[in-house]
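Working notes, structure below.
Nothing in this text is a laboratory measurement; each read-out follows from the coordinates by a stated rule. Note that the structure is predicted; figures quoted are calculated from it, not measured. All Cβ positions, glycine included, derive from the backbone under ideal geometry; neighbour counts span all protein chains shown.
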Amino acid sequence: MAGKRQPAASRWSNTPEYVELKNDMLDDLDTRGLVGRQYTDKVQEYMNLWCWLKMLNEDVVTRGVYVEYSNGATQKGTTDNKSLTIATRVSAQMLNIWTALGFREQATSSRPQTGGEDDEL
């Protein structure tokens with residue numbers, strides 16, 4: 001249909017950044033032999049959350065940390081942008097999925113170790 005707006009999540013899921021991240025995650029799981037539906041579904045859940053986090057961040061950039069409200073002629077003011085609170089929850093859930101898929105452990109084990117015998121000043 002002409003003139004119909006594309007949902008924001010769909011807009012984010014069509015970006016090169018989205019495609020690259022999803023492919024990287026799936027490739028990493030494949031390399032580790034984790035190819036079952038239970039893994040690919042979690043990657044898709046992570047990517048959905050990634051899109052939502054992008055949308056929430058856009059809202060904060062657009063409307064700010066505080067937003068104005070009006071509950072009639074006499075009740076006006078500002079309140080916290082709820083997108084901040086929701087973004088924190090979404091980010092926490094993303095980290096849970098990231099950890100469950102083994103990416104956090106993998107990142108921790110691949111960090112260079114410091115303080116060994118070969119280190120010189």
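From most to least packed by mean Cβ count within 10 Å, the peptides 71-78, 87-94, 11-18 give 87-94, 11-18, 71-78.
Note on region 16-113: semi-axes of the ellipsoid equivalent to its C-alpha gyration tensor, largest first and rounded to whole Å, are 37, 14, 11. Other residues within the sphere of radius under 12 Å centred on the Cβ of Asp24, judged by their own Cβ, net out at -4 (K and R +1, D and E -1). Positive end of the charge dipole of region 38-109 (Lys, Arg +1 and Asp, Glu -1 on Cβ, about the Cα centre): tell me which of Gln93, Val67, Gly77 has its Cα farthest that way. The residue sitting farthest along the positive end of the dipole is Gly77.
Taking label points 7 Å from Cα along the Cα-to-Cβ direction, Val35 and Asn96 give a separation of 3.0 nm. Multiplying the residue separation of Asn14 and Ser70 by 0.36 nm and removing their Cα-Cα distance gives an extension gain of 16.6 nm.
Place a label point 7 angstrom from the Cα of Leu84 along the Cα-to-Cβ direction, then list the residues of region 30-66 whose backbone nitrogen is under 12 Å away. Residues 60-61, 64-66 qualify, since their backbone N sits under 12 Å from the label point.
Sequence-distant contacts, meaning Cα pairs under 8 Å at least 6 residues apart, place the relative contact order of region 1-105 at 25 percent.
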